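Visitor: Before I ask anything, let me first share the structure, which is written out below as structure tokens.
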Amino acid sequence: MVATTIAEGLIAATSGHECVATRFDEPSTIEAYLMFERALAEVQGALGVIPSEAAATLVAVCRLENVDREALREGAARVGYAIVPLVAMLAHKAGAAGEWLHYGTTSQDAMDTALSLQLKAAAPDVLAPLDGVCATLARHADTHRRTPMAGRSKLQHAAPITFGYRCAVWLDQLLRRIERLSAALGACATLQFGGAVGTLSALGAQGPAVRHGLARRLGLAEPAITWHVSRDRYADALYAFAAAGAALAKLAGDITFLMASEVAELREPYSDGRGSSSTMPQKRNPVMSEAIVEAARRTRALPAAGLEAMTQDQDRGIATSYMERAAIVDAARLTAGAATLAAELLTGLEVDTARMAANLDVTGGLIHAEAAMMALSAEHGRVRAHTILHTLCHEASTTGRALAEVAAAGGHPLPAAVFDTEASLGAQDAMIDAVLARVTPLAPAA
């Protein structure tokens, strides 16, 4: 199918998106169901809940090659979900041992645990490209810590900053988002096993031991209580995905502005034909940044499904589980794809330091108005100095004259240090160092 949006084209083509999509495709989903059934049979056989010979047979039968996927699709369409026809198919293949398959459990246990297993497997594929973005941002922050550029407030020149400082701001937020996402995904790696209404009643006194052994066998955390109607872990993960995407969209949006013809301080990596226009051959559109922003916007809509799933009725809800799963899968794919594209974007980012320096002077010194105000505050106080500078800046901007010239003519000469960009950078170096200290070690350039 031909992509109809930039995100579908660029994001879906990334290795990150493809890796995560594979974690949730049909074979991987069936295999996750089978992992649950195999582990359950193994644990129950070891504990004597089911005959050990039957357990061995079930483990051998619960393999992907024994699943008729076409028949499973037909059965799932008829029943409404895949576990019932899957268990029936495998039980038939297992013969007499099939009576012990799926013993004391329910479809929800298998489906929830499978999704937790899939998320656990997908987590490195999501987090690795995000870590790559951080490593590249760290290099830019360090390399460009003395590269001056205009800081902009509401898109207006405000005060000088450095490009390294801007990258460190992006990095600081993204580091926090990765920490939250990693924690949320870790929390999702929790076993769901409770039977009909969560009480393990079908297994009697052996229920807790089966649950404990099953969690260990699958490498999942054991919950304090069954969580089949408590969906906050998945809701947290959906928000964490969305927030990580928003952090990527922040830097992509900033890059888009800085690529504007009138600004021209940054350019996306050049690739023949990428970002071209069908009618304007001179254009080099910020398509990588646009795709990242689009992916983030789509991801931001997904946490609502997680919150909806949290409002399940009583001890088994309706009409939420598939919506919740679809949201999680989409969020994981979009976040991994956007992170992979962002890493490529930042690695090849073209930084025009000369243009950054030139843009500092386009307002005739107005970008140093805060420094000028502070200089005049010693004599006039801050409030009076602000009033004086406001008047001087208005005259400078309407007449096109330099701020220093207007101030001198108005009887308020400004010291040369006011217009020293280096002196206006404040504590930026210390802040950059504090952010870089959280990236250990600072990744070498590729």
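Visitor: Would you mind finding the one in L414, L389, L366, L349 that is surrounded by 14 or more Cβ atoms within 10 Å (Cβ to Cβ), touching a Lys or Arg at 6+ places or on another chain (Cβ under 9 Å) and not small (G, A, S)?
Guide: L349
Visitor: Filter the range 236-258 down to residues that are under 13 Å from L345 (Cα atoms) and among the hydrophobic types (A, V, I, L, M, F, W, C) and give me whichever is nearest to the chain's Cα centre (by Cα).
Guide: Looking at residues that are under 13 Å from L345 (Cα atoms) and among the hydrophobic types (A, V, I, L, M, F, W, C), I get L248.
Visitor: Evaluate the following for L248: is it closer than 30 Å to R300 by Cα, surrounded by 20 or more Cβ atoms within 10 Å (Cβ to Cβ), of a type outside the set (D, E, K, R) and touching a strand residue (DSSP E or B) at 6+ places or on another chain (Cβ under 9 Å)?
Guide: no
Visitor: Let me ask you something else. For D131, are the conditions met, namely being part of a helix (DSSP H, G or I), open to solvent by 50 Å² or more (accessible area, probe 1.4 Å) and among the acidic types (D, E)?
Guide: Spelling it out, D131 is indeed part of a helix (DSSP H, G or I), open to solvent by 50 Å² or more (accessible area, probe 1.4 Å) and among the acidic types (D, E).
Visitor: Tell me which of these S261 doesn't satisfy, since it passes every other one: (1) open to solvent by 50 Å² or more (accessible area, probe 1.4 Å); (2) closer than 30 Å to D315 by Cα.
Guide: All conditions pass for S261, except number (2).
Visitor: Just for helices (runs of 4 or more DSSP H) wholly inside the range 317-435: which have at least 1 residues that are farther than 29 Å from R284 by Cα and of a type in the set (S, T, N, Q)?
Guide: 321-347, 369-380, 382-399
Visitor: Name the single residue, out of those in the range 190-214 being surrounded by fewer than 21 Cβ atoms within 10 Å (Cβ to Cβ) and free of Cβ contacts under 8 Å to residues at least 40 places away in the same chain, that is nearest to the chain's Cα centre (by Cα).
Guide: Going through the qualifying residues, I end up with H212.
Visitor: Which residues, taken from the range 140-149, are part of a strand (DSSP E or B) and either in contact with a Pro (Cβ under 7 Å, 6 or more places away or on another chain) or among the hydroxyl-bearing types (S, T, Y) (or both)?
Guide: Residue satisfying the conditions is P148 alone.
Visitor: Hey, does the range 321-337 have a residue that's modelled with pLDDT of 95 or more, surrounded by 14 or more Cβ atoms within 10 Å (Cβ to Cβ) and within 30 Å of A159 (Cβ to Cβ)?
Guide: No, every residue in the range 321-337 fails to be modelled with pLDDT of 95 or more, surrounded by 14 or more Cβ atoms within 10 Å (Cβ to Cβ) and within 30 Å of A159 (Cβ to Cβ).
Visitor: I'm told A354 meets every condition in (1) touching a residue at least 40 places away in the same chain (Cβ under 8 Å); (2) within 30 Å of D142 (Cβ to Cβ) except one. Can you identify the failing condition by its number?
Guide: (1)
Visitor: Mind telling me which of the residues E395, E422 ends up being farther than 21 Å from A135 by Cβ, touching a residue at least 12 places away in the same chain (Cβ under 8 Å) and surrounded by 13 or more Cβ atoms within 10 Å (Cβ to Cβ)? So that I can check it myself, show each step before the final result.
Guide: On the way: E422 fails: surrounded by 13 or more Cβ atoms within 10 Å (Cβ to Cβ).
Sole residue among the options that is farther than 21 Å from A135 by Cβ, touching a residue at least 12 places away in the same chain (Cβ under 8 Å) and surrounded by 13 or more Cβ atoms within 10 Å (Cβ to Cβ): E395.
Visitor: Of the conditions (1) among the basic types (K, R); (2) outside any helix (DSSP H, G or I); (3) surrounded by fewer than 17 Cβ atoms within 10 Å (Cβ to Cβ), R176 fails just one. Which one is it?
Guide: For R176, the exception is condition (2).
Let's see how each residue does on (1) in contact with a Gly (Cβ under 8 Å, 6 or more places away or on another chain); (2) open to solvent by 10 Å² or more (accessible area, probe 1.4 Å); (3) closer than 29 Å to A430 by Cβ:
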site	(1), (2), (3)
T113	no, no, no
K120	yes, yes, no
H144	yes, yes, yes
P148	no, yes, yes
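Visitor: Additional query: Does L171 meet the test of being within 20 Å of the chain's Cα centre (by Cα) and either within 15 Å of V439 (Cα to Cα) or hydrophobic (A, V, I, L, M, F, W, C) (or both)?
Guide: yes
Visitor: Then there is this: If only one of V84, V79 is under 20 Å from S28 (Cα atoms) and of a type in the set (V, I, T), which one is it?
Guide: V84
The values are calculated or read from the model by the stated rules, or taken from the named source; none is laboratory data. Note that the coordinates shown come from a computational prediction; the quantities given were computed from them, not determined experimentally. With ideal geometry, Cβ positions are generated from the backbone for all residues, glycine too; neighbour counts draw on all protein chains shown. These area figures cover heavy atoms from the full protein model, side chains too; ligands, DNA and RNA do not enter into them. Shrake-Rupley method; radii C 1.70, N 1.55, O 1.52, S 1.80 Å.
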